[in-house]
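> Structure provided below as structure tokens; questions to follow.
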Amino acid sequence: MNWLRLQMRAGLRAARQMLRQPFNTLLAALVVGIAAALPATGYMLLGNLQRLAGTVSAAPEISVFMQPAASADTVKDTEKKIRALLAKDGRVELISRDTALKRFRDNEGLSEILDALPENPFADAFVVRLKDADAQRLEALRSELSKLPEVEHVQLDSDWAKRLDALIALGRQALTMLAGVLGLGLVAVTFNTIRLQLLTQRDEIEVSRLLGATDAWIRRPFHWFGALQGLLGGVLAGLLALVATRMLAQPMGELAGLYSLEFVLRPLAALDWVVLLALCALLGWLGASASVRRHLSRIA
Amino acid sequence: MIRFEQVTKRYPGGHTALERVDIDIARGEMVVVTGHSGAGKSTLLKLLAVLERPTEGRVLVGGENVSALKRAALPYWRRSIGLIMQDQRLLFDRSAFDNVMLPLSISSHPPREAAKRVSAALERVGLAGREKAMPVELSGGEQQRLTIARAIVNRPQILLADEPTAHLDDAYARDIADLFRSFNEAGVTVLLTTHDGGLFERYAPRRLSLAHGTLQ
Ligand SMILES: Nc1ncnc2c1ncn2[C@@H]1O[C@H](COP(=O)(O)OP(=O)(O)O)[C@@H](O)[C@H]1O
Ligand SMILES: [Mg+2]
């Protein structure tokens, strides 16, 4: 309780100090805010992209090609086995080698090629349509299917969805690195702000020492100063991300519409806000405490 | 109550500011230390406030060797004395009220009681009603009173003042001198330095004269 009260008073002293120089405070918070806004916006966009990828790969197709020599019985048997594998979350359609040949022949200008061949070059094939499945389920299914007897080749038609997933994973990694670098920048910015604050408040620090202030009492408001500045920056970052959402919502919606996709750009969720603010405050605190540890003893 | 035992202070660089000084001050005494510039007056007070430590000898207060206090114990020792340094060291970006509030906020006084004490201290030094004034709006004499209010707001038993009347016109200086006299009459042990000993003559205080670091 006593500890809490000491902390709160220190926080109040820090807040008062910030209000004493509103312009500087705002400027520093803006620097922090812009640094944090980049990863925050990126994070939000990636989240949305992932959701989009989820809806796109909702109806993926798998083509299963039999060996040309497979007998009609084997094909029937395979169809049963595929149905068993799918359970109820998909449909299977057989495209026999004759059907394939006919479809190919219907394409103008290609029939001559076929006439030149001694026999039907197509194999029997199945098209498997899944209701919805994530990349992992698809991959598992693909390997199951290719293990079936006399199956020549299995082709995943949602490869591009997988590529999108990979791209998102890559984006996430890049974002994490960016966030790391900018987080470090945030610590550095706070480190410097606090150094300047220590210089600005040099008189007060010296007088306080004369009047019997402990080191902890002197340090505490600077820690708060850093944390509050981080927090303020975090709020600005969140607001910037919000503005970005507003600005991107319409063009993204139109783009999605071109692919007949239902898509609404979602802003940061409440939990994202909490994480963002906590992280910014924490980094500010870290920068401040490092700066105080380094500079305080030199100043007074 | 305050005792210097064979105290010598040599500053780094070899300059000897005090040499084998013995002083004994009783509780409730008022002591005026006189001497020329460079005689060692400030050093004497700094040793008591443990802003400096003696090279040899010891400084005892109430039987305790304050020169041996650990760094972590110093803040608590400083809170128990009233200290008025040669340069006023007011915070010029704070109101008179906030300046006097500082020691109480350092010792974590409950704000409401602290505010009462601040007003009382300001009234005690004749600055009632000037709570909101900034130091630059105060005259030199008033600024000195503000420093004194800050030093007494913790109700110390010992008041140390380094040339509190320097740079003040005679009338102001006399007012300040009267103020210290009144604290002393209220039971506070007062130790102050001056190079104008005449100012305190009429209170017939105990007088210590320093020259080149030794007591005369
Ligand atoms: N921090 C210091 N470092 C070196 N010499 C000092 C320091 N402080 C004071 N002195 C020297 O010690 C002597 C006494 O100084 P001081 O106690 O300030 O005298 P007074 O207050 O009587 O003028 C002076 O010669 C001064 O130059
Ligand atoms: Mg002096």
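Readers should treat all values here as calculations from the given coordinates under stated rules, not as data from a laboratory. Not measured: the values here are computed from a predicted model. When we count neighbours, we look across all protein chains shown, and the Cβ atoms used for this are built from the backbone with ideal geometry, even at glycine.
> Place +1 on the Cβ of every Lys and Arg and -1 on the Cβ of every Asp and Glu in chain A, take the dipole about the Cα centre, and give the residue among A:Gln197, A:Gly226, A:Ala140 whose Cα lies farthest towards its positive end.
Farthest towards the positive end: A:Gln197.
> Given the rule -39500 (n - 2.57) for each run of at least 4 DSSP H residues, summed and divided by the residues of chain B, what is its mean residue ellipticity at 222 nm, to the nearest 500 deg cm²/dmol?
-9500 deg cm²/dmol
> A follow-up question, please. For every other residue with a beta carbon closer than 13 angstrom to the beta carbon of A:Leu248, add +1 if it is Lys or Arg and -1 if Asp or Glu, then tell me the sum.
Cβ neighbours under 13 Å give a net charge of +1.
> Count the DSSP beta bridges whose two residues both fall in chain B, then state the antiparallel fraction as a percent rounded to the nearest 5.
Bridges in chain B that DSSP calls antiparallel: roughly 45 percent.
> Counting only trypsin sites (Lys or Arg not before Pro) that sit in a DSSP loop (anything but H, G, I, E, B) with at most 12 other Cβ atoms within 10 Å, what is the longest stretch of chain B containing none of them?
B:133-216
> What dipole magnitude, in Debye to the nearest 20, does region B:11-109 give about its Cα centre under +1 on Lys/Arg Cβ and -1 on Asp/Glu Cβ?
Its charge dipole is roughly 260 debye.
> Next up: What is the distance in Å between the Cα centres of region A:163-218 and region B:98-163?
36
> Whole percent per 5 Å bin, from 0 to the bin with the longest distance: what is P(r) over all C-alpha pairs of region B:2-215?
The distribution over region B:2-215 is 1, 7, 15, 19, 20, 16, 12, 7, 2, 0, given as percents.
> Taking the Cα centroid of region A:224-286 and of region B:15-49, what is the distance between the two, rounded to the nearest whole Å?
About 64 Å separates the Cα centre of region A:224-286 from the one of region B:15-49.
> Kindly point out which whole DSSP H helices in chain A project their C-alpha atoms 24 angstrom or further along the helix axis while averaging a Kyte-Doolittle hydropathy of 1.0 or above.
A:22-56, A:270-299
> Now, a different point. What helices in chain B pass both tests, a Cα length along the helix axis of 20 Å or more and a mean Kyte hydropathy of -1.0 or higher, using whole DSSP H runs?
B:170-185
> For region A:61-132, what's the relative contact order in percent, using C-alpha pairs closer than 8 Å and at least 6 residues apart?
About 55 percent, as a whole number.
> Okay, next question. Would you mind checking A:Lys81/A:Lys147; A:Lys76/A:Lys102; A:Lys88/A:Lys131; A:Lys80/A:Lys147; A:Lys80/A:Lys102; A:Lys76/A:Lys147 for any pair whose Cα atoms are more than 19 angstrom apart?
The pairs that break the limit, which is 19 Å between Cα atoms, are A:Lys76/A:Lys102; A:Lys80/A:Lys102.
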